[in-house]
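Please treat every number below as a calculation from the coordinates, not as lab data. Owing to the predicted nature of the structure, the values given are computational and were not obtained by experimental measurement. Here Cβ is always computed from backbone atoms with ideal geometry, including for glycine, and neighbour counts include all displayed protein chains.
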Amino acid sequence: MIPREGGNRFSGDFKSAYRPGTWQGSNLTARHLAAGLDAGNHTDRIIDLTVAEGGPIKKDQLWFFMSSRYFSVNNFIANTVTDAGRQGIDDQYIRSVLARLTWQISPRNKFSAYFDEVDKYRGHDMQSLEDPETAAVRWFSPAYHTNQAKWTSTISNPAGDVHRLADGADVADRGGRAVQRVVRRTHRAARSEGLEEFQSGAGHGVAGVRDVQHQQLGRDHQLRVDQRAERVVSEAEQHHAAADDRHRRANALVNRAREGAARDGALDRSIWRA
């Protein structure tokens with residue numbers, strides 16, 4: 001946890017909270033009333049106040065910070081009545097105050113100290129059916145004190161660190177420039193070798209392109225020859241089919257002629273006999 005401390009600008013804050021007892025409902029039931037409990041325990045009021053302030057005593061060298069808090073909770077005690085006829089109250093509070101000083105002795109050394117005090121009070125510590133005027137106990141707790149002082153110092157030498165950082169930066173800068181020179185020389189050598197390889201590769205590439213072109217031309221010529229041969233074969237097959245068809249028709253005509261001649265010969269022979 002980092003404690004709050006002052007700075008070169010005055011700043012502070014104030015916080016407050018209050019809750020009245022009327023915001024709390026009653027938990028008395030018929031069973032409580034039948035047992036003789038007329039007024040139960042409940043809260044009278046709650047108060048919480050906090051104030052804080054900090055700032056410079058001497059700018060860039062000495063600062064202060066202070067805070068204070070008041071916290072109080074008053075509770076009504078069941079079946080207690082004061083001489084004035086009101087319900088008895090167990091009144092109590094806690095008060096605290098804190099002060100801190102911070103001294104920047106040098107850039108490497110800082111001293112801080114704080115004082116903290118807490119006071120507690122309880123006016124009527126009592127139980128149910130007790131007399132608030134005579135039976136209640138009053139508490140005056142002793143003040144609680146906390147004190148602390150702290151010296152903070154930087155062991156290393158900031159000036160030496162700065163010089164070492166500067167030397168390291170200079171070495172890194174020289175190393176970076178040397179690396180850049182090596183990279184540039186490497187790039188130039190790579191570009192030169194790459195150009196020669198590219199030119200050689202380009203010559204081989206041209207020859208390869210020509211070979212590919214000749215191969216492509218040969219494949220195109222072979223494709224055209226194959227297509228022409230396929231057309232010739234297809235045309236020959238078509239002519240052969242047409243010749244076969246004509247041959248079938250001729251055979252059919254010859255057969256019909258023979259059949260007709262045979263019928264005519266048979267007719268002549270029958271006439272001759274007659």
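Side notes on the structure shown:
- Pairwise FRET efficiency - R9 versus T43, Cβ, R0 = 30 Å, nearest 0.05: 0.15
- The string of couplings for region 63-69 from the Karplus curve (6.51, -1.76, 1.60, θ = phi - 60°) is 9, 10, 8, 9, 8, 8, 9 Hz, one whole number per residue in order, with x for Gly and Pro.
- Within region 229-248: backbone nitrogen closer than 17 Å to the R258 label point (7 Å, Cα to C-beta): 247-248
- Taking every alpha-carbon pair under 8 Å whose residues sit at least 6 apart, region 11-155 reaches a relative contact order of 18 percent.
- Extension gain for the segment S16 to F140, taken as residue separation times 0.36 nm less the Cα-Cα distance, is 42.1 nm to one decimal.
- Rounded to the nearest 20 debye, dipole of region 11-155 from Cβ charges on Lys, Arg, Asp, Glu: 960
- Order of I105, I155 - criterion: other Cβ atoms within 10 Å of each residue's Cβ, fewest first: I155, I105
- Projecting the Cα positions of F111, L101, W23 onto the charge dipole of region 11-155 (unit charges on Cβ atoms of Lys, Arg, Asp and Glu, taken about the Cα centre) puts F111 furthest along the positive direction.
- In region 11-155, taking the dipole from charged Cβ atoms about the Cα centre, the farthest positive-side position among F140, N41, L62 is held by L62.
- One chain, two ends: D173 and T154. Fully extended at 0.36 nm per residue, the span grows by 3.9 nm beyond their Cα-Cα distance.
- Residue pairs, from the table K58/K150; K59/K150; K15/K110, whose Cα atoms sit over 28 Å apart: K15/K110
- R248/D226 FRET efficiency (R0 25 Å; Cβ-Cβ; nearest 0.05): 0.15
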